[in-house]
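Peer 1: Before anything else, here's the structure in question.
The values are calculated or read from the model by the stated rules, or taken from the named source; none is laboratory data. Just so it is clear, the model here is predicted, and its values are computed rather than measured. Cβ placement follows ideal geometry from the backbone for every residue including glycine, while neighbour counts extend to all protein chains displayed. All accessible areas refer to the heavy atoms of the entire protein, side chains included, with ligands and DNA or RNA removed. Shrake-Rupley method; radii C 1.70, N 1.55, O 1.52, S 1.80 Å.
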Amino acid sequence: MNGILTEWACQVAEAELRKPLPRRWAHSQGVARRAAELTEVLGEGSDLLAAAAVLHDVGYAPRLAVTGFHPLDGARFLRDVHAADERLVQLVANHSLALLEAEERGLRGVLEAEFPLLDDHRLVDALVYCDMTTTPDGERTSANPRLAEIKDRYGADSLVGRFIRRASPDILAAVGRVEAALAAQPR
């Protein structure tokens, strides 16, 4: 993680998350560390992934929470305040199957209209992998315990619990594709 985009993203994420949400900041740093592990797999896209990884939860920052849906709030902040790269904004807006949660919230049409899903499926999968293999405290984990932790934290019947139940097969598939790509790398 030494690209100019990543350095800028770290500064923005730290400014928004470190003090008001230290645990969310720790998670974002952990997700960025996971992204750094994918440099060999992604090549040129690694800086974009690292930037999206550290910024993916910026919409949780209290001053940015307008809709209460952090992918949308974060993407709007990055687009409107920072004029960030469109691909970065799309990754943040759609991270970890956000369209399904947007649907639960009645915001799918808004999210799709403002921030279409990035067509680079390797980057989309990679961000899912990084997020879903990092604990809330920024530690490494595997996808199944992470999904269980989210369900436990929010409640199985909550909006987020319903979303995770619906998204789990696609999350696990994305994680599996990234793990397969990592396994195929020469050692």
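Peer 1: Name every residue in the stretch 53-69 that is crowded, with 23+ Cβ neighbours inside 10 Å, of a type in the set (G, A, S) and closer than 20 Å to A113 by Cα, in order of residue number.
Peer 2: Across the stretch 53-69, the qualifying residue is only G59.
Peer 1: Continuing with the same structure: Give all pairs with beta carbons closer than 8 Å in which a residue from the stretch 19-33 that is at negative phi and open to solvent by less than 70 Å² (accessible area, probe 1.4 Å) meets a residue that is polar (S, T, N, Q) and at pLDDT 95 or above; count only pairs at least 6 apart in sequence or on separate chains.
Peer 2: From residues that are at negative phi and open to solvent by less than 70 Å² (accessible area, probe 1.4 Å), the pairs are H27/T134; H27/T135; G30/T134; G30/T135; V31/T134; A32/T6.
Peer 1: In addition: Within the stretch 101-155, which residues are of a type in the set (A, V, I, L, M) and in contact with a Lys or Arg (Cβ under 7 Å, 6 or more places away or on another chain)?
Peer 2: A102, L118, M132
Peer 1: Return yes or no: is E101 open to solvent by 50 Å² or more (accessible area, probe 1.4 Å) and at negative phi?
Peer 2: Values: open to solvent by 50 Å² or more (accessible area, probe 1.4 Å): no; at negative phi: yes.
In short, no.
Peer 1: Same structure again: Which residue, of L72, L147, L117, is surrounded by 21 or more Cβ atoms within 10 Å (Cβ to Cβ) and farther than 21 Å from C10 by Cβ?
Peer 2: Numbers: L147 fails: surrounded by 21 or more Cβ atoms within 10 Å (Cβ to Cβ); L117 fails: surrounded by 21 or more Cβ atoms within 10 Å (Cβ to Cβ).
Result: L72 is the single residue among L72, L147, L117 that is surrounded by 21 or more Cβ atoms within 10 Å (Cβ to Cβ) and farther than 21 Å from C10 by Cβ.
Peer 1: Residues in the stretch 45-58: is at least one modelled with pLDDT of 95 or more, part of a loop (DSSP other than H, G, I, E, B) and not hydrophobic (A, V, I, L, M, F, W, C)? Step through it out loud before you land on a result.
Peer 2: So the first thing to find is which residues in the stretch 45-58 are modelled with pLDDT of 95 or more, and the list is 46-58.
Going one step further and asking which of them are part of a loop (DSSP other than H, G, I, E, B), we end up with 56-57.
Next cut, not hydrophobic (A, V, I, L, M, F, W, C) only: 56-57.
Yes, some residue in the stretch 45-58 is modelled with pLDDT of 95 or more, part of a loop (DSSP other than H, G, I, E, B) and not hydrophobic (A, V, I, L, M, F, W, C).
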